[in-house]
Amino acid sequence: MEVLDQNGETVTIDRGYRFGDDFFRLLNFVKSPDCNDSGRNSMEDQCDIFYRDIMNYAFVDSHNQHLADGRFDLAAKNLNEINNLSLDYLTGLRNREFLKRKITCLEDDIYQEVISDFSLIICDLDHFKQVNDSFGHSVGDDTLALFGKLILENTRPSDIAYRYGGEEFLVLLPETNLADAVVAAERIRIAIDDRLHIGHFGLNKITAFDLSRSEMVDGDDIHINDTFFLSRDITCSFGVANYLDCGQSDETLFVRADENLYIAKEEGRNRVSY
């Protein structure tokens with residue numbers, strides 16, 4: 001991307017954060033909850049909000065200096081660092097530190113009548129401790145990484161998936177009622193049940209596999225003639241709740257989704273409860 005520096009000269013950004021759609025999706029994700037409708041539709045205003053309110057990871061001074069100096073490439077690298085801070089390194093999903101801000105944004109969107117509803121899915125891998133105990137934490141990490149990948153493949157671009165902690169994951173679904181959220185959770189459940197397994201092909205080391213693509217979590221190819229030795233199926237349980245059904249209370253939303261997850265576990269696991 002080419003931008004103008006403080007002297008009016010053209011500077012080509014060839015490293016650091018990729019400006020464009022990804023950048024403005026990030027701005028939309030972390031935008032201030034009190035931004036108005038005009039700010040919501042203005043990239044310039046979104047940038048202003050971002051610089052003013054979000055640069056709070058000890059990057060703000062250096063970032064503003066880079067902007068003043070016209071060093072947009074270095075400013076872009078700072079934005080990339082902030083984006084990285086919002087991600088769980090293992091699964092590629094957002095981390096729990098950014099969850100509350102997104103909840104606040106969604107609640108504000110409902111108040112501003114930008115959206116009409118949203119739902120929450122809480123999912124937890126079944127008997128995951130046994131995976132770590134039986135195969136080691138390396139295989140457990142492989143399983144979590146592939147689990148995160150399958151969640152991303154089975155959610156919409158507008159949905160936000162989080163690793164909440166350990167083997168527990170959350171998905172926020174804007175503009176989604178309870179019935180549609182249950183369908184989404186069931187889609188993820190089926191994908192995990194059908195595709196995510198622990199085993200090995202031929203003499204390859206034991207790890208997590210996506211059977212539909214015949215590849216390990218790290219992307220290594222599997223020889224077509226290798227025999228698969230299944231060691232363990234991986235399943236997941238789900239609790240689903242809807243914001244409007246919970247009296248527009250985020251606290252009640254989490255409590256009810258968590259209660260439904262507990263019911264799914266009690267009723268035999270590998271199921272969706274709502």
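FRET efficiency for the pair residue 263 and residue 205, taken as 1/(1 + (r/R0)^6) with r the Cβ-Cβ distance and R0 = 25 Å, rounds to 0.10. Taking all protein chains as shown and a probe of 1.4 angstrom, residue 149 keeps an accessible surface of around 70 Å².
For the residue pairs 100/129; 129/149; 205/265, alpha carbon separations beyond 23 Å are given by 100/129; 205/265. Over the Cα atoms of segment 131-175, the radius of gyration divided by the Kirkwood radius equals 1.07; this is the Rg/Rh ratio.
The values are calculated or read from the model by the stated rules, or taken from the named source; none is laboratory data. Being a predicted model, the structure only gives us computed values, none of them experimental. All Cβ positions, glycine included, derive from the backbone under ideal geometry; neighbour counts span all protein chains shown. Calculation scope for accessible area: heavy atoms of the full protein, side chains included, ligands and nucleic acids excluded. Shrake-Rupley method; radii C 1.70, N 1.55, O 1.52, S 1.80 Å.
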